[in-house]
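Heads up, the thing below is written out as structure tokens.
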């Protein structure tokens, strides 16, 4: 019985010590806010922006609407970064009296204009001109080019050749962008699209539907 009381006493002391330590640590704050594009008059959210706590190895990222939330300490420096935007650093004030700190962080678009690069398979335009004029295009090469560019050959290649990793990723990103474009609202129906009706009538006049039926 005495041993049980002794163990309970030690556990009580440990719990009280931990609670006292947690109460003493008043430097922690719940840091949250919105990351917006401030390049134009209209403010747009910056989705998936990186929010990094410097020298701490921790961070998070904003959601689709630009919202983020992370636990940090007073006086720490926070770095905001996103592809296509300039990095922004912010210092959480060390004079805060509350354990919560919310902001609206604006980011500026960072446009980089690369110099023009002209690539030729020959050292100069003059060499290219000489080689191009000296090229002997035989009838066999012409027939091969016509065969490779025929519609049936291109259609067969579109059906048989599979997508590589880059094409799959590009298709997925385009699908995601299409979904994000109509987020929060009903996607438009092609029945009200005048361009779709125009394509339908042109295909009808050209007899495309009859050709497909015969095939």
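The values are calculated or read from the model by the stated rules, or taken from the named source; none is laboratory data. Predicted model, so just to flag it, every value in this text is computed and none were measured. Note that each Cβ is placed from the backbone with ideal geometry, even for glycine, and that neighbours are counted across all protein chains shown.
Looking at the range 87-103, which of its residues are more than 16 Å from residue 29 (Cα to Cα) and exposed (fewer than 12 other Cβ atoms within 10 Å of the Cβ)?
89
Conditions tested, residue by residue: (1) in a helix (DSSP H, G or I); (2) in the same structural domain as residue 31 (by TED's automatic domain parsing); (3) modelled with pLDDT under 85; (4) in contact with a helix residue (DSSP H, G or I) (Cβ under 6 Å, 6 or more places away or on another chain).
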{"residue": "101", "(1), (2), (3), (4)": "no, yes, no, no"}
{"residue": "121", "(1), (2), (3), (4)": "no, no, yes, no"}
{"residue": "130", "(1), (2), (3), (4)": "yes, no, yes, no"}
{"residue": "145", "(1), (2), (3), (4)": "yes, no, yes, no"}
{"residue": "184", "(1), (2), (3), (4)": "no, no, yes, no"}
{"residue": "195", "(1), (2), (3), (4)": "yes, no, yes, no"}
{"residue": "198", "(1), (2), (3), (4)": "yes, no, yes, no"}
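Can you spot a residue in the range 150-166 that is closer than 30 Å to residue 39 by Cβ and either in a helix (DSSP H, G or I) or in contact (Cβ under 8 Å) with a residue 24 or more places away in the chain (or both)?
Within the range 150-166, one or more residues are closer than 30 Å to residue 39 by Cβ and either in a helix (DSSP H, G or I) or in contact (Cβ under 8 Å) with a residue 24 or more places away in the chain (or both).
Considering only residues that are part of a loop (DSSP other than H, G, I, E, B) and either over 15 Å from the mean Cα position of the chain (by Cα) or not assigned by TED's automatic domain parsing to the domain that holds residue 34 (or both), look in the range 60-82 and name the one that is surrounded by the fewest Cβ atoms within 10 Å (Cβ to Cβ).
75
Let's see how each residue does on (1) touching a strand residue (DSSP E or B) at 6+ places or on another chain (Cβ under 8 Å); (2) closer than 30 Å to residue 177 by Cβ:
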position	(1), (2)
46	yes, yes
57	no, no
66	yes, yes
69	yes, yes
85	yes, yes
88	yes, yes
113	no, yes
132	no, no
148	no, no
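Residue check: is residue 180 assigned to a helix (DSSP H, G or I), in contact (Cβ under 8 Å) with a residue 60 or more places away in the chain and not assigned by TED's automatic domain parsing to the domain that holds residue 63?
yes
Which residue out of 135, 173 is out of contact with any helix residue (DSSP H, G or I) (no Cβ under 7 Å at 6 or more places or on another chain), not in a helix (DSSP H, G or I) and not assigned by TED's automatic domain parsing to the domain that holds residue 47?
The conditions single out 135.
Looking at the range 140-177, which of its residues are surrounded by 11 or more Cβ atoms within 10 Å (Cβ to Cβ) and under 30 Å from residue 48 (Cα atoms)?
Within the range 140-177, 167, 168, 169, 170, 171 meet the criteria.
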